[in-house]
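What follows is a set of notes on a single structure, which appears directly below.
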Amino acid sequence: MTTQPVTAEPVTADPVTAQPVTAGHAVVLGGTGWVGRHVCAAFARHGYKVTVVARHRAPHLAGHAFQPCDLATATPGAIEELLRSERTDVVVNATDAANAADGWDRTEADLTLMNVDSVERLLTAVGRLPWEPRLVQIGTVHEYGPVVGLIGESVEPRPANAYARTKLQGSEAVLDAARAGSVRGVVLRLANVCGPHPSPASFPGKLLDSLRRAAAGEHVSLTVADAHRDFLDVRDAAEAALLAARATVTGTAINLGSGVAVSMRELVTQFLAVTGLPATAVSVRDAPVPSLGGDWTQVDVEPARRLLGWRPRTDLRRSLQAMWEARG
């Protein structure tokens, strides 16, 4: 499967100034994170003015406007003022406790603050604006908990841990508000993400670190679960956010994945092949590993195609290749 851009309207230029005509103004909350940085890139590539909102600036996003804000503690009034000042057309909420170095190893109170309370304050702020920006909430398929078979739109969420429970609460708050007509919002539930610049707390991030150490001459031991996961390239996820911002569907959760379940051992094998390291560079041991989901994750991608005109375009090998080659 080759990597191709999602079909989108070209960026046009003003006939007098020859400057690009802005498609709109997208504010990306958590824009410095793994998913957020790629969302920023996707919107900018298709003509949007992009403002990154996070606690601290990040050198890799120096080309975008930046607004400092700690969404875990910001009041609805402060968020409203930020969105007003930016004349926001689209809000993408890519904030996630999993982007932090300690990943999901947080108290339920901390997770609730970040994944639920901040979403509710955002909804209040958006609802106060005199215009209706489009809201795209980035969720996770872990909100469903362990699922046997494809994760489709008819599956009832049964989250199995505090991270998944709080992410579900945040997603449901957006869906409830959208169904009540107070916001124009949609939720994108992402499978396990792969690709360039992974969160250090994620399995791909830990695997990348391990293989970089192996490439430097260190012998590395890896523990992998006897499980199969659906891995979604982060750039495909970002393009889905762009399409969701332009779509008319509202009050709906849409699942995103590659549609393929890959064993964790196969993931390691493919990544080793990408790096060119010999199989002897790492020792792989099968053992139970703490997980946010079940032993099998596979997403039904048909609803995303139907509702957004989206499909996964980057296969796992290419995603791993880009992850290995990325720097900064």
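Label point of residue 317 set 7 angstrom out along Cα-Cβ; within the range 252-281, amide nitrogens under 19 Å from it belong to 258-279. Highest average first, the peptides 141-148, 24-31 ordered by how many other beta carbon atoms sit within 10 Å of their residues are 24-31, 141-148. The calculated 222 nm mean residue ellipticity attributable to helices in the chain amounts to -10500 deg cm²/dmol, summing -39500 (n - 2.57) over DSSP H runs of n ≥ 4 and dividing by all residues. Counting only protein heavy atoms and a 1.4 Å probe, the chain has 44 square angstrom of accessible area per residue. Once you reduce the range 214-288 and the range 48-82 to the center of their Cα atoms, the two points are 29 Å from each other. Listed values for the range 87-92 are Karplus-derived 3J(HN,Hα) couplings in whole Hz (6.51 cos²θ - 1.76 cosθ + 1.60, θ = phi - 60°), namely 6, 6, 9, 9, 10, 10, and x replaces Gly and Pro.
Globularity index of the range 46-152 is 1.19 (Cα radius of gyration / 2.2 N^0.38 Å, N = number of residues).
Overall, the chain carries a charge dipole of about 620 debye about its Cα centre when +1 sits on the Cβ of Lys and Arg and -1 on the Cβ of Asp and Glu, all other atoms neutral.
If R0 equals 51 Å, the separation of the Cβ atoms of residue 176 and residue 45 corresponds to a calculated FRET efficiency of about 0.95. The mean of 1/r over all distinct Cα pairs in the range 167-213, once inverted, gives the Kirkwood hydrodynamic radius of 13.0 Å.
For residue 299, nonlocal amide neighbours, meaning residues 5 or more places apart or on other chains whose placed amide H falls under 5 Å from its own, are 151, 258, 259, 260. The relative contact order of the range 43-157 comes to 24 percent, based on Cα pairs under 8 Å that sit 6 or more residues apart. Here the accessible area of the range 136-277 is 50 percent carbon and sulfur, with a 1.4 angstrom probe and all protein chains present. Stretching the chain fully between residue 277 and residue 107 yields a gain of 57.4 nm (0.36 nm per residue, less the alpha carbon separation). Amide H to amide H, with H built 1.01 Å from N, residue 23 comes under 5 Å of 48, 49, counting only residues 5 or more places away or on other chains. Taking the range 188-315, how much of its Cα-Cα pair set, in percent, is spaced more than 22 angstrom apart? The answer is 41 percent, as a whole percent. The packing ranking of peptides 266-272, 315-321, highest mean first, is 315-321, 266-272, where packing means the average number of other beta carbon atoms within 10 angstrom of each residue. Across all Cα atoms of the chain, the radius of gyration (one decimal) and Dmax (whole number) stand at 19.4, 64 Å. Here the 3J(HN,Hα) profile of the range 313-324, calculated from phi with Karplus coefficients 6.51, -1.76 and 1.60 at θ = phi - 60°, is 10, 10, 6, 4, 4, 5, 5, 5, 4, 5, 5, 5 Hz, Gly and Pro shown as x. Distances between placed amide hydrogens fall under 5 Å for residue 140 paired with 190, all partners being 5 or more residues away or on another chain.
The values are calculated or read from the model by the stated rules, or taken from the named source; none is laboratory data. Keep in mind that what you see is a predicted model, and the values were worked out from it rather than measured. Quick reminder, even Gly has a Cβ in these numbers, built from the backbone with ideal geometry, and neighbours come from all protein chains shown. Accessible surface areas use protein heavy atoms only, side chains included; no ligands, DNA or RNA. Shrake-Rupley method; radii C 1.70, N 1.55, O 1.52, S 1.80 Å.
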